[in-house]
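The values are calculated or read from the model by the stated rules, or taken from the named source; none is laboratory data. Just so you know, these numbers come straight off a predicted model, no measurement behind them. Don't worry about glycine lacking a Cβ; one is built from the backbone with ideal geometry, like all the others, and counts go over all protein chains shown. To get the accessible areas, we keep the full protein, side chains included, count just its heavy atoms, and leave off ligands, DNA and RNA. Shrake-Rupley method; radii C 1.70, N 1.55, O 1.52, S 1.80 Å.
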Amino acid sequence: MNALEIKNLNVSIEGQSILKDFSLTIPKGEVHALMGPNGTGKSTLAKVMAGHEDYQVESGTVTLDGENILGEEPDVIAHAGLFLAFQYPLEIPGVSIANFIRAARAARLPNGETINAVEYYKELYEKMDALKMDRKFTARSLNDGFSGGEKKRCEILQMSMLDPAYCVMDETDSGLDIDALKTVSEGVNLMRGPERGFLVITHYQRLLDYIVPDVVHVMFDGRIVHSGPAELAHELEAKGYDWVKESFATTA
Amino acid sequence: MSNTEVQDDAINVDTEKGNFSYPEDYAYDAGVGLSEDTIRYISDVKKEDQWVREFRQRALEIFHKKDMPTNWATKDLENIHFDKIRYYLSKGQQPSRTWDEVPDDVKETFERLGIPEQERKFLAGVEAQFDSEAAYSHMKEELEKEGVIFVGSSEGLEKYPEIFRPYFGKVIPSTDNKFAALNSATFSGGSFIYVPKGVKLKQPLQAYFRINAENFGQFERTLIIADEDSEITYMEGCTAPKFETATLHSAVVELVALKNAKIQYITVQNWSSNVFNLVTKRGMADEGAEVKWIDCNIGSRLTMKYPGVVLKGRGARGEVLSIALANDGQHQDTGAKMIHLADDTTSNIISKSISIGEGRSTYRGQVHMPKHLKNCKNNTECDALLINTHSRTDTYPAITTRGQNNTVQHEASVSKVSAEQIFYMMQRGLSEGEAMSLAVNGFVHELLKAFPMEYSVELKRLIDMEMEGSVG
Ligand SMILES: Nc1ncnc2c1ncn2[C@@H]1O[C@H](COP(=O)(O)OP(=O)(O)OP(=O)(O)O)[C@@H](O)[C@H]1O
Ligand SMILES: [Mg+2]
């Protein structure tokens, strides 16, 4: 199946269970939003899928287009087509953005092939222009001393340069000012298409006004408790999570 | 040579460039162990003058008298067994002037290491040492015409005593330390260079030191004299195969920069992981002169090396830029010494060390600036990078005396490559080795910009190889 499929995923960390029988399917071509209170396990889900080794997977499966990725090394998962825009991007001193993305691209090439530097920079500059990033940024060390918003923009730049089949965006909107939110959303919308699936993790409905999702999921205590159309985000914004908790308590 | 072919297949030349050896076949062999007879044998083979013989004998006495510096340095030094080492091995002590004349196995060794190719591309001259003696030595003709001398230590002392003898053993006396004494007693090979007044070499001269035999000790001796207003860049590289037993490399390098001269000395140390690399390096800078050490230690089991500059003349400048990479089972104990002896002298030390796995790096710095001097400056930056929790770094910074008219700046930092950083980079598709390599290259990036291009490219390649190999 052409989808990112998570089935009955149970994950714990240091003996504490975080994801509880979590299931979600994102077909290619769709954008799914994931919302839910702090500490519910959204970032855990993102990192487990990306192959972070700190988490214990107790049971369940995660597949990309039918291929298992659970238990694989992070680089293998990346090559399989999963990209994670981090909630807290890491700083890599001394490594320029241009060199980093170039290395990440080179790692995807078959042995012996090299990157055409002229074409590479042309594409990089185009994408930076689209995200309204100053071209001077290419020479700066990756995320080193970047403002919160600059880091998030840089995540989306990497995402668009690496052309993944599935994009997981963990709170990309937090830290972005109103104008930046618009620009970054436009960048993401340009990437939308039948060949790509998105999981957009956010707390705020405002992002979903720009990146309009096909489905909105509400997560609570390690699993999805409610799913609905884009309008669900408005409802959440208006009512908060309490009503979810209440309805969840009755279904539990 | 069928033996060689088998080895070619068995060894991945790209990732373990130096790890191969050829069957031993030596015309001269001083045997195992160190005694007055060993020293005499070396002198006889080299047909040395009486004063050189006496110099060696005195040094041997000093060597025996001095204790191992284990009171401040690592106890691993006790694992050097001086009585099991072979002190002199050579196929003949005259170097060939063309590669064609070099014995096949030796020539193949250096071809596999890429030396003739580098010579054609960007070097003004090359000396290639195989165990105790240079197998090849050649310098561009125009430099010879300008009066540049580029010979081995024996030839230098024999043919040009009036030039070399006044400085030989003066910048680093035999009494300096136990290993300088050992080298002074047993030295063989190395480069003696004289650059005449006003001559500025546009391309570097290079020496390549190769250990081929097991249980062998290599004790080359280098002396570079840059006469007034002259300039020279010298590069040295080294490798050895991975033997079962430990090998000793103990060199002495003396640099003399006369008035307004400039010497830049570059080292890429890539010994295999069982070599004890105990080297004494010091330069003397006269008025307005500059001595710059670029020192990179990637290989060896234990390296102890603290390149220094004696700033003897007014306005002299000294610099040490160093990178040390300590992987599992390695200890890089490196640093710098700056001895200010005149007004208006400046020194700069930038040291970057990387410890990986169980690797250990130590920085020892010494800046000496007597109170009576005026307008002297030192800047020391000393940064350590740790990759994973077992690695270790120690810093023993500058012991400084300074007066009110002088400035000393010292900055030190320790940073870590976190598992989260590696995860982040791997999420972008880089392998663990590539991720670590990028982090390390990022850490040395600023410093590499100060290095000559060919050299930084080579260094980057070595770091990549080392990091790829360190992923368990
Ligand atoms: N490495 C860790 N060690 C211990 N606990 C952890 C670790 N990582 C996550 N947790 C815990 O797991 C739970 C889920 O955290 P997670 O970061 O997935 O939440 P989240 O839904 O992304 O929250 P937020 O909206 O605040 O970003 C939290 O209680 C958190 O403290
Ligand atoms: Mg989170």
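Below is a table of values for the structure above.
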{"quantity": "Cα-centred dipole magnitude for segment B:43-180, charges only on beta-carbon of K, R (+1) and D, E (-1), debye, nearest 20", "calculated": "540"}
{"quantity": "Those residues of segment B:427-450 for which accessible area with every protein chain present is at least 30 Å² below the isolated value (1.4 Å probe)", "calculated": "B:Q427, B:R428, B:G429, B:L430, B:L438, B:G442"}
{"quantity": "Estimated FRET transfer efficiency (A:K239, B:E358; beta-carbon r; R0 56 Å; 0.05)", "calculated": "0.50"}
{"quantity": "Pair A:K122, B:Q203: separation of 7 Å Cα→Cβ label points (nm)", "calculated": "3.7"}
{"quantity": "Rh by Kirkwood over Cα pairs, then Stokes-Einstein D for segment B:248-371 at 1.567 mPa s and 4 °C, µm²/s", "calculated": "89"}
{"quantity": "Positive dipole terminus of chain B, leading residue within B:N79, B:T222, B:I62 (C-beta point charges)", "calculated": "B:I62"}
{"quantity": "Degrees, to the nearest 10: A:148-162 long Cα axis against longest axis of chain A", "calculated": "80"}
{"quantity": "Reference-scaled alpha-carbon Rg (2.2 N^0.38 Å with N residues) for segment A:47-147", "calculated": "1.27"}
{"quantity": "Per residue accessible area in Å² of segment B:19-417, where ligands, DNA and RNA are left out and the probe is 1.4 Å", "calculated": "37"}
{"quantity": "Residues of type lysines that A:K152 reaches as a straight line, Cα spacing below 20 Å, ignoring anything fewer than 8 places off in the same chain", "calculated": "A:K42, A:K47, A:K127, A:K132, A:K136, A:K182"}
{"quantity": "Linear extension gain, A:E113 paired with A:M191, 0.36 nm per residue minus alpha-carbon span", "calculated": "25.5 nm"}
{"quantity": "Karplus (6.51, -1.76, 1.60) ³J(HN,Hα), θ = phi - 60°, over segment B:59-74, in Hz, Gly and Pro reported as x", "calculated": "5, 4, 4, 4, 4, 5, 6, 6, 7, 5, x, 6, 5, 10, 9, 5"}
{"quantity": "Long-range HN-HN contacts of B:A384 with modeled amide H, under 5 Å", "calculated": "B:S353, B:S413, B:V414, B:S415"}
{"quantity": "Stokes-Einstein translational diffusion, segment B:113-264 - Kirkwood Rh over all Cα pairs, 1.306 mPa s, 10 °C, in µm²/s", "calculated": "100"}
{"quantity": "Shape category assigned to segment A:9-78 from the gyration tensor of Cα positions, a/c cut at 1.5", "calculated": "oblate"}
{"quantity": "Interface size A-B, as summed buried accessible area [1.4 Å probe, Å², nearest 100]", "calculated": "2000"}
{"quantity": "Helix-only mean residue ellipticity at 222 nm for the protein assembly as shown, each DSSP H run of n ≥ 4 adding -39500 (n - 2.57), per residue, nearest 500", "calculated": "-8500 deg cm²/dmol"}
{"quantity": "Taking segment A:75-222 and dividing mean pair separation by its residue count, relative contact order in percent (alpha carbons under 8 Å, at least six apart)", "calculated": "31"}
{"quantity": "Relative contact order of chain B, pairs being alpha-carbon contacts under 8 Å that are 6 or more residues apart, as %", "calculated": "9"}
{"quantity": "Residues in segment B:327-358 that a label on A:D144 would reach, taking backbone N under 16 Å of a point 7 Å out along Cα→Cβ", "calculated": "B:351-354"}
{"quantity": "Relative contact order computed over chain A (Cα-Cα under 8 Å; 6+ residues apart), in percent", "calculated": "27"}
{"quantity": "Selection from B:S418, B:I339, B:A450 lying farthest towards where the dipole of chain B points positive, charges on Cβ", "calculated": "B:I339"}
{"quantity": "FRET efficiency, B:H64 to B:R392 (Cβ-Cβ, R0 35 Å, nearest 0.05)", "calculated": "0.60"}
{"quantity": "Distance in nm between pseudo-label sites at A:D179 and A:E73 (7 Å out along the Cβ direction from Cα)", "calculated": "4.3"}
{"quantity": "Cα→Cβ-extended label distance, 7 Å offset, between A:I224 and A:D209, nm", "calculated": "2.6"}
{"quantity": "Computed accessible area, A:M191, all protein chains, 1.4 angstrom probe, square angstrom", "calculated": "20"}
{"quantity": "Distance histogram in 10 Å bins (all Cα pairs of segment A:166-252, percent per bin)", "calculated": "16, 47, 29, 8, 0"}
{"quantity": "Two-decimal log10 I(q)/I(0) for segment B:301-390, as the Debye equation yields it once each C-alpha is a single scatterer, q = 0.23 Å⁻¹", "calculated": "-0.97"}
{"quantity": "On Cα atoms only, tilt of A:117-130 relative to the major axis of chain A in degrees", "calculated": "50"}
{"quantity": "Charge sum, other residues only, whose C-beta stays under 13 Å from B:Y167's C-beta, Lys/Arg counted +1 and Asp/Glu -1", "calculated": "+1"}
{"quantity": "Acute angle (nearest 10 degrees) that the helix A:178-191 long axis makes with the longest principal axis of chain A, alpha-carbon atoms", "calculated": "80"}
{"quantity": "Added length on full extension, which subtracts the Cα-Cα distance from 0.36 nm per residue, B:E111 to B:L77", "calculated": "8.9 nm"}
{"quantity": "Dipole magnitude of segment B:19-417 about its Cα centre (Cβ charges: Lys, Arg +1; Asp, Glu -1), debye to nearest 20", "calculated": "1400"}
{"quantity": "Cα gyration tensor shape for chain B, rounded if a/c is under 1.5, else prolate or oblate", "calculated": "rounded"}
{"quantity": "Accessible carbon and sulfur surface of the protein assembly as shown relative to its total accessible area, %, 1.4 Å", "calculated": "48"}
{"quantity": "Two-decimal log10 I(q)/I(0) for the protein assembly as shown, as the Debye equation yields it once each C-alpha is a single scatterer, q = 0.05, 0.06, 0.08 Å⁻¹", "calculated": "-0.33, -0.46, -0.73"}
